[in-house]
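First the structure, in the form of structure tokens, and then the observations on it.
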Amino acid sequence: MIKKKHLLIIIFLVLIILFLFVFSSLSNKHDVINKIIKKEDNTYSYLINYPYFNNDKVDNYVDNYLNERINTIILDTGDLFIDYDYDIKDNNIFIKFYEYVTKLNTIKENIYEINYNYELDNIIKKRVFEEDNYDILNYTKSDKMVAFTFDDGPSYNTIKIVNTLVKYDSKATFFLVGNKIEKYAKTLDVLVKNGMDIGNHTYSHKELTKLSDKEILKEIDLTNEIIYNKTGIRPTFLRPSYGAMNKRIKKLSTMPIIIWNIDTLDWKYHNSNKIKDKILKYVSDGDIILMHDTFTATSNAVEMVIPELKKQGYRIVSVSELFKYKGVKPKLGIGYGYVGGSNE
Ligand code: NI
């Protein structure tokens, strides 16, 4: 006859054993833990977390693979990040290693898949993704960049310029005139869809310095409202028509003011070669370039000048990107002709 007290002890022990059993099987499922390698030398410092599968064959393989890749790539270029993703199913471990090698301003990506089969006790490695290049999204302050700005649109010519910018993975700011927007509502969709910056170039393109305070604010606010209603985006920057500005305008403006330091005079020349040459002659890091998306010579010049600028290591960015990448916070009451770069 088992006493009640003993029965309780037995039940308690059984529960503990059950608990331990469940716990150990659970922890087996979490056998993949992160191992950390840290390597440092004079030039490079890198830290890689990689998986540990509790299987000598796989773990050694992964170890060797990582060491080999790190040594070859580091010698070659100097900047490497290896990430991974894995899946365990049907007697197989699938590990994908994503290698990111940064060189100049692009990232090269390689993907290797390593497949271990428990039954065959065998590892197969294959390259699942050929080297691909894409631009680094995070520019550094020291990268050379220029902001392209286009005034007086939207026009029949705006989408043509957007297409060229997209083709060269570039961005720009379009300072729109409020009373032209209705006619080109679809163009605004194209600007937004392609990540272009939309700025305010007043409602009726009058010289603000000749208007009353009330009229000035109306020119600015009305345009912001129209752009917001069409796109859901509030413009962040004002470019006064003709660049006409004084202390009063700066004080009144509810948005930071953007002018330029390279005037292509495209409206005067209508000559794409002249526009291109002017940019290439004066360009420097952090510049803001003035053009007009209302002229064909300008869209032709854009097509010609971007490859040249890229050859010189420039990125073509919007005004908001220029501020962001140069780490400058735009302030009210200032008219910016450039941001950061060699100008400062
Ligand atoms: Ni204008």
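The values are calculated or read from the model by the stated rules, or taken from the named source; none is laboratory data. It should be emphasised that the depicted structure is a prediction, and the values quoted were computed from it without experimental measurement. As a convention, Cβ positions derive from the backbone with ideal geometry for all residues, glycine included, and neighbour counts pool all protein chains shown. Remember, those area values only see protein heavy atoms, side chains included, never the ligands or the DNA or RNA. Shrake-Rupley method; radii C 1.70, N 1.55, O 1.52, S 1.80 Å.
Let a ≥ b ≥ c be the square roots of the eigenvalues of the Cα gyration tensor of region 226-344; is it rounded (a/c under 1.5), or, if not, prolate (a/b larger than b/c) or oblate? Prolate is the answer for region 226-344, as a/c is 1.5 or above and a/b outweighs b/c.
Surface composition of region 112-269: carbon plus sulfur atoms contribute 50% of the solvent-accessible area (1.4 Å probe, protein chains only, all chains present). Taking a ≥ b ≥ c as the square roots of the eigenvalues of the Cα gyration tensor of region 223-265, is the shape rounded (a/c under 1.5), prolate (a/b larger than b/c) or oblate? Verdict is oblate for region 223-265.
Each peptide among 145-151, 259-265 gets the average number of other Cβ atoms lying within 10 Å of its residues, and from highest to lowest they stand as 145-151, 259-265.
What you get for region 192-344, charging only the Cβ of Lys and Arg (+1) and of Asp and Glu (-1), is a dipole of about 280 debye around the Cα centre.
The value given for region 148-224 is a Kirkwood hydrodynamic radius of 12.9 Å, derived from the mean inverse Cα-Cα separation.
In this structure region 183-242 gives 53 Å² per residue of accessible area when probed at 1.4 Å with all protein chains present.
What order do you get for 195-204, 308-317 when each peptide is scored by the mean count of other beta carbon atoms within 10 Å, highest first?
Numbers: 195-204: 23.0, 308-317: 16.9.
Averaged packing, sorted descending, gives the order 195-204, 308-317.
Scaling against 2.2 N^0.38 Å puts the C-alpha radius of gyration of region 170-263 at 1.04. In this structure, residue 119 and residue 163 have a Cβ-Cβ separation that, at R0 = 45 Å, corresponds to a calculated FRET efficiency of about 0.25. Solvent-accessible area of residue 156, all protein chains in place: 150 Å² (probe radius 1.4 Å, heavy atoms, ligands and nucleic acids excluded).
Each peptide in 279-288, 179-188 gets a packing score, the mean of other Cβ atoms within 10 Å over its residues, and the list from highest to lowest is 279-288, 179-188.
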